[in-house]
Amino acid sequence: MNDPYRIEPGARPSAVPRKRGGSPVSALLWILLAVGVAVNMVSNLAMRGELTPVGLAGGVVGLAAAAGLVVHHVNRRRP
């Protein structure tokens with residue numbers, strides 16, 4: 001009996017190999033994210049939650065790195 005929904009082994013599409021490893025851009029963005037978050041946390045803990053230019057700069061760097069990681073991820077997933 002023939003099964004019209006069966007996929008024959010020879011008719012299956014070959015799997016496209018995925019790239020292994022990350023790019024230098026993503027590594028740099030991850031480092032910037034970690035540094036920005038660490039600076040923001042240390043500044044906020046040292047000044048007991050008061051807004052400081054150093055903490056603000058760390059937060060801006062962290063947010064920019066997170067946004068860059070999202071954009072980089074979305075651009076790499078497009079075929």
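The values are calculated or read from the model by the stated rules, or taken from the named source; none is laboratory data. Given the structure is predicted, the values throughout are model-derived calculations rather than measurements. Note that we place each Cβ from the backbone using ideal geometry, even for glycine, and neighbour counts take in every protein chain shown. When the accessible area is computed, the model is the full protein with side chains, heavy atoms only, and any ligands, DNA or RNA have been set aside. Shrake-Rupley method; radii C 1.70, N 1.55, O 1.52, S 1.80 Å.
Odds and ends about this structure:
- Residue pairs meeting the criteria (Cβ under 6 Å; at least 6 apart or on separate chains; first surrounded by 12 or more Cβ atoms within 10 Å (Cβ to Cβ), in region 43-56; second at pLDDT 90 or above and hydrophobic (A, V, I, L, M, F, W, C)): S43/V54
- Members of region 48-73 found to be small (G, A, S) and at positive phi, listed by number: G49
- Number of the condition not met by L33 [criteria: (1) at pLDDT 95 or above; (2) open to solvent by 50 Å² or more (accessible area, probe 1.4 Å); (3) within 11 Å of the chain's Cα centre (by Cα)]: (2)
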